[in-house]
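One structure is given here, and the rest of the page talks about it.
Quick note: the coordinates plus some simple rules give every number you see, no bench work behind them. Computed from a prediction, not measured in an experiment: that's the story for all the values here. Every residue, glycine as well, gets a Cβ built from its backbone with ideal geometry; the counts of neighbours run over all protein chains shown.
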Amino acid sequence: MKGRFLFVTAAAVIMAVASGPVDAKELKFGTAVPSTTPLGESIKDGLIPGIAKASGGELTMVAHYHGSVCGEQKCGEQANQGLLAAWTSSTANFGNFGTALSIFDLPYLFKDQDTANQIADGWLGDAASENAAKTTQHKVFEVFSAGGFRQLGNTERTIKSPADMKGIKFRVTKSPIEYTLIKTWGGIPIPFDWLQLYQGLQTGVVNGEYVQVPWQYVFKHHELNKYYTETGGAWGGNHLSMDLKQFNELSDQEKEWLLAGVDDFSAIARAADKAWVAKLTEALKKEIDVWYTPNEAEMDMWRAGAVGAWADAKGTYDPKLAERALAEQGLDSFIDTLKKGGAL
């Protein structure tokens, strides 16, 4: 999934589109993210102009941001219905269509952001894309980080260890792994739509979330979630995909143009995300009541809960691929722990 990075000027893109044929093919793109986030900017500044330049304007893409046409899994549903062509969401919300990307949601699969992106952009991303094409109606182009690792935010109290989660209702995605993890940690998992989450926190339908900090900040959830715990664990994977039927109907030339834009998107998205995480984490810390970093004994408790989630999710991921990813990072002790827990 490695890509080339094409620097495109606005003038070049405009000229390419203007000189294209009047019967140019247009692809519609839907996403829940704002255009001002690194992910949104990667679509706006990489994917769209990359396709236009490669095709000379014969293939174009029009993006709809910030949930203006669909929320996360709804975008995938609309793509399958032919209302959209391409879309993006968290890997967790891809769970609405199957388990092809579930491996990316396994807690503590990756030790850090750089390693996660490297493996997802290589052999593991390729394997997941192949699986998705076989088992879902989606062509997965890229799996990448959008916001780093998930952290716990809640409206109720400081959480130091999993025992402190008892009685707190946490919003979860369509990922069965996330659902099981919150339950294993002691919280109450509540499936809830992302675009309605602020209201859900306001009304007490849910009391918290396990989401990457930048997204909590951008959507102003920190105005309600005043207590944060730096558990890490689950990587905030996202994917860029297209309805498989529509992709297969493209000509070989059109596919080449589309993939040129995907390469541009990938380079921008991965480069911008790390800085975004650092910047907004510091901004959030200044506006909340508590940012708690567990000590090592407490972290052992969080990891122990993760083992339970892995074991319960067995069958939704390929254990050989998971063990390979852990081994490449030197996480041999965690492999042993997972095997003892029946997860590998």
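Between Asp318 and Leu195, the contour length at 0.36 nm per residue exceeds the alpha carbon distance by 41.1 nm. With a cut-off of at most 13 other beta carbons within 10 Å, and DSSP calling the residue loop, which GluC sites (Glu not before Pro) in the stretch 266-344 qualify? Please list them. Those satisfying the criteria are Glu287. The Cβ shell under 10 Å around Trp87 holds other residues with a net charge of -1, Lys and Arg each +1, Asp and Glu each -1. Loop sites by DSSP among the chymotrypsin sites (Phe, Trp or Tyr not before Pro) of the chain, restricted to those with at most 15 other Cβ atoms within 10 angstrom, leave 8-344 as the longest stretch without any of them. Considering only Met61, Pro189, Ile48, the residue lying farthest towards the positive end of the dipole of the chain is Pro189, judged by Cα position with unit charges set on Cβ. What pairs in Lys279/Lys320; Lys139/Lys160; Lys226/Lys314; Lys25/Lys139 have C-alpha atoms more than 30 Å from each other? Where the Cα-Cα span goes over 30 Å, the pairs concerned are Lys279/Lys320; Lys139/Lys160; Lys226/Lys314.
By definition, a body whose alpha carbon gyration tensor gives a ≥ b ≥ c is rounded when a/c is under 1.5, and the stretch 182-240 falls into this rounded group.
Converting phi to 3J(HN,Hα) with the Karplus coefficients 6.51, -1.76 and 1.60 and the offset θ = phi - 60°, the stretch 107-122 yields x, 6, 5, 10, 8, 7, 5, 5, 5, 4, 5, 5, 6, 5, 8, x Hz in sequence order, with x at every glycine or proline.
For the stretch 10-340, taking the reciprocal of the average inverse distance between every pair of different Cα atoms yields a Kirkwood hydrodynamic radius of 20.3 Å.
Summing Cβ point charges (Lys, Arg +1; Asp, Glu -1) relative to the Cα centre of the chain gives a dipole of roughly 600 debye. Considering only Leu280, Leu109, Leu101, the mean-square fluctuation computed in a Gaussian network model of the chain, springs between alpha carbons under 10 angstrom, is largest for Leu280.
Placing a label point 7 Å from the Cα of Val62 along the Cα-to-Cβ direction, the residues of the stretch 38-55 whose backbone N falls under 19 Å of that point are 43-53, 55.
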